[in-house]
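These notes concern the structure reproduced below.
Nothing in this text is a laboratory measurement; each read-out follows from the coordinates by a stated rule. Every value quoted in this text rests on a predicted model; they were computed, and no experiment measured them. Using ideal geometry, Cβ is built from the backbone for each residue, glycine included, and neighbour counts are taken over all protein chains shown.
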Amino acid sequence: MDAASCCRVSAPPPPPPSLVLPNLLEAFLTSPRSSAGLLDAQRCPFPLRRLGAAPFSTGLSELFDPSSSVSKRRSRGPVMAAKKAADGTKQKDGKYKHTVDLPKTTFDLRANSVMREPELQKLWEENQVLKRVSERNTGATFTLHDGPPYANGDLHMGHALNKVLKDIINRYKLLQNHKVSFIPGWDCHGLPIELKVLKSMDKATSDALTPIKLRQKAAKFAKATVNAQMNSFKRIGIWADWDNPYLTLSPEYEAAQLEVFGQMVMRGYIYRGRKPVHWSPSSRTALAEAELEYSENHVSKSIYAAFKITSPSNSGLLDEFLPNVCLAIWTTTPWTIPANAVVAVNPELSYAVVELQSLLESESTSGGKQRKLGSILSSGNEKPFIIVASDLVSVLESKWGVKLVIRKSFPGSVLEYCRYLHPVNGNECSVVIGGDYITTESGTGLVHTAPGHGQEDYLTGLKYGLPIVSPVDDEGNFTAEAGQFSGLSVLGAGNAAVVKYLDEHVSLILEEPYKHKYPYDWRSKEPTIFRATEQWFASVDGFRDAALDAIKRVTWVPSQGENRIVNMISGRSDWCISRQRTWGVPIPVFYHVDTQEPLITEKTIEHIKGIVSEKGSDAWWYMPTEELLPEKYRDKASEYRKGTDTMDVWFDSGSSWAAVSAKRDGLNFPADVYLEGSDQHRGWFQSSLLTSIATTGKAPYSSVITHGFVLDEEGFKMSKSVGNVVDPEKVIVGGKNSKEEPPYGADVLRLWVSSVDYTGDVLIGSQILRQMSDMYRKLRGTMRFLLANLHDWKPENSVPYSDLPKIDQYALFQLENVVASMKDGYDNYQFYKIYQITCVAQLLYYVMPYA
């Protein structure tokens, strides 16, 4: 028991802080002080370096008055000693030296971090400090499950922020007597690693690579990156079970992932279908929502086009306007016009037939050079009647620069089953009823619908039994199905060719650029498209409600994280889990060579899982089909071929709860805490939740903590091209120019992490690091002073609280408040409040004056 603990046992409630200090000062100034009292104090077994105790029999004013004789005698001491040394006079040991208890400590004022930190870290590793402390503790197990960083490059400051936050939590839980085992993990599959391997060699070499050779090179690259990142994490001072990390490429992990997949198959949540998905022409693979980045500055070529009506659905409705009446549509993807199947309307909206009259005077100057009138509006051509939403007539009149006169109005429902001429292939198509996605916020109120190129289009197509046409190949080029556009890029020349064709065939009203939010491939940074392909999906509808219910039972820090993930789960479509790449865990399915029917059963999955657990997923590529099939199907092996799709990497990392928390000894499932960046609401938090709910019925975590992004000290995103990147390694060991990039050591970096409110975006830069370094030195100096004053303190010297002077009781009262506030900060994961208490409010400004 320490002194403070002893005092707390028998201490009565202290008086209010507002009353303590005046009474103490009055008592101190009026109390008699004598040399006898001083000698008595020297004989006391408890050292008199208590807060507020006077070391000499002098008055309070003498102690702090620089003009007092005491101060002068003290200042002359070193000067006189130097003069005697210069005169050759030998100094004798002070007669009263033994009566003065001077501070002593081996804790240096200078950290010498570059040298000392690696020594300490080596000591921790050699002595297995985390394991030994955890085994010694007697409390409950605490599991913070590590979200796996991607093994494709060096660490950045976001990695440092993330891992230090986790380390702070783990160390606090250790101090709270919990058993803690932190298993670090890495995400090792996927396209980024595959592309890095391919880019490291010339085209001829990469083209000659077999799938198994590519996988071997990718595995080698991933393992080398894991090793480099692991050493960097160690240098930051992270405590973890570095000898037993989890890697998504390890056989035991892959087997656990296949087990999760198999359970979802058996529950009916996995299916194969042809539907539009996000497709990356640059990467030649399907993408999940979590693999997209949305650019706010994308500019599309938007068009207003007219599709000529051939027969109205309601006899007599449009007779007076035939045969020169058209449906007006608006699209930002003209390349999808060849795949048009229907035009959709909203039955609740009012529509109008409008007559195109004279061009407005302002038309010639509106929109600038990039705005181009189509052949329909050009002078000399007969202008058709146009059908648009009534509420948009005035908007379109201004947009098109032409006077629009309403000739007839009617509800949208009467347009259902009107027939129009396809503007490219000449087929007759129908007008259908769409959903509430058809509004008057933009466009014309009529929606060009291509079921192979959009989610709402697909659903409308299902409703009316429409064919899913998608005449686009893996590289984003038109196929022969697109006729004269075959071979052209849909995002380039093909798009322009479609617009030109419409204009030449008098179907174009207006063309203009349109700036809007658009999905990009997060790896290649190139735009994506919606394209219908055969893919494997997880049916989220099958367990959506269970997932939403589980979210309510999870603690979210900050609390707004709950609303964010609820909105994402509520509105998400089925999860496309297949990828057309080589480096990943295979989808364990066989296809009949004639019918293409998939063979995927509990026995086939279990058999493949057993093989993978022993040989790894490479076995799928080098073992023959007859060996991969269970014995029941081997006599028919020649009738089947192996599938070539791999699983989405989010399915990989989203299965980590099954491979780690639920499998390894000494861990909790569900884990106590998941902690990652706020972008993981659509990534790892979500994929982990979906796989766990689908197979176990519960969330894989009890609490979820999110942090923001790391920006430069001006609040801008870090970019190598801008030159504002702060490298954690250079912060610790310094750069080439030690003046511009001094070595601060890991402790300064960790102190910065503890000082920021990580729930939002955080800033770092040279000025902030200098401030942190100054604060670190002050904190270290304070600790040195306190340690030096406690060098000879022993537990048996503890003094009962009731016997302490009032000022000591008040100091302990304040200490108790500080400890309680700090504990509250740790328990609520508000570490920046602890920093403020320690470095700003209490330790430096309260303790030091009294000490």
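Listed values, structure above:
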| item | result |
| --- | --- |
| Overall form of the stretch 773-828 per C-alpha gyration tensor (a/c, 1.5; a/b vs b/c) | oblate |
| GluC sites (Glu not before Pro), loop per DSSP, at most 13 other Cβ atoms within 10 Å - longest free stretch of the chain | 1-347 |
| Net dipole in debye of the chain [+1 Lys, Arg Cβ; -1 Asp, Glu Cβ; about Cα centre; nearest 20] | 4020 debye |
| Estimated distance in nm for a label pair at Glu526 and Trp621, the labels positioned 7 Å out from Cα along Cα-to-Cβ | 2.2 nm |
| The stretch 298-530 shape via C-alpha gyration tensor axes, a/c threshold 1.5 | oblate |
| Only Lys, Arg (+1) and Asp, Glu (-1) charged, at Cβ; the stretch 90-225 dipole about Cα centre in debye | 460 debye |
| Loop-resident sites, the stretch 445-537, for trypsin sites (Lys or Arg not before Pro), counting at most 13 other Cβ within 10 Å (DSSP) | Lys525 |
| Whichever lysines have a C-alpha closer than 23 Å to that of Lys97, once near sequence neighbours (fewer than 8 apart) are set aside | Lys72, Lys83, Lys84, Lys794 |
| Under 20 Å from the Asp108 label point (7 Å along Cα→beta-carbon), backbone N, the stretch 774-809 | 774-789 |
| The chain, relative contact order [Cα under 8 Å, separation at least 6], % | 19 percent |
| Dipole moment magnitude, nearest 20 debye, the stretch 298-530 about Cα centre, only Lys, Arg, Asp, Glu C-beta charged | 400 debye |
| 13 Å Cα-Cα reach of Lys104 towards aspartates and glutamates, excluding residues that sit fewer than 8 places from it in its own chain | Asp792 |
| Net charge of Cβ neighbours under 15 Å - reference Val354; Lys, Arg +1; Asp, Glu -1 | +1 |
| The stretch 706-800 shape via C-alpha gyration tensor axes, a/c threshold 1.5 | prolate |
| Ellipsoid semi-axes in whole angstrom, largest first, where each is sqrt(5λ) of the Cα gyration tensor of the stretch 630-711 | 34, 18, 10 |
| Simple label model, 7 Å out from Cα along Cβ direction - Ala228 to Asn177, nm | 4.5 nm |
| Kyte-Doolittle mean at least 1.0 and Cα axial length at least 30 Å: DSSP H helices in the chain | none |
| Helical mean residue ellipticity (222 nm; -39500 (n - 2.57) per DSSP H run of 4+; nearest 500) of the chain | -11000 deg cm²/dmol |
| For the stretch 464-589, radius of gyration divided by Kirkwood radius, i.e. Rg to Rh on alpha-carbons | 1.07 |
| Residue-wise HN-Hα coupling along the stretch 722-732, computed from phi with Karplus coefficients 6.51, -1.76, 1.60 (Hz; x: Gly, Pro) | 7, x, 10, 6, 9, 8, x, 5, 5, 4, 7 |
| Part-to-part distance (alpha-carbon centres) for the stretch 443-499 and the stretch 627-672, which is given in Å | 35 Å |
| At R0 = 25 Å, FRET efficiency that the Cβ-Cβ distance of Asp635 and Lys213 yields, to 0.05 | 0.20 |
| In the stretch 689-795, chymotrypsin sites (Phe, Trp or Tyr not before Pro) in a DSSP loop with at most 16 other beta-carbon atoms within 10 Å | Phe709, Phe716, Trp793 |
| Inter-centroid distance (Cα atoms) of the stretch 570-590 relative to the stretch 727-751, Å | 42 Å |
| Selection from Ala493, Gly461, Ile387, by position along the positive dipole direction of the stretch 298-530 (Cβ) | Ala493 |
| Loop trypsin sites (Lys or Arg not before Pro), the stretch 370-444, which have at most 16 other Cβ atoms in a 10 Å radius of their Cβ (DSSP) | Arg371 |
| Whichever lysines have a C-alpha closer than 30 Å to that of Lys399, once near sequence neighbours (fewer than 8 apart) are set aside | Lys301, Lys308, Lys369, Lys372, Lys383, Lys408, Lys500, Lys515, Lys517 |
| Whole-Å distance, taken between Cα centres, linking the stretch 177-252 and the stretch 398-423 | 58 Å |
| Structure-derived volume of the Cα convex hull per residue in Å³: which label, when the choices are (i) 254; (ii) 225; (iii) 187 | (i) |
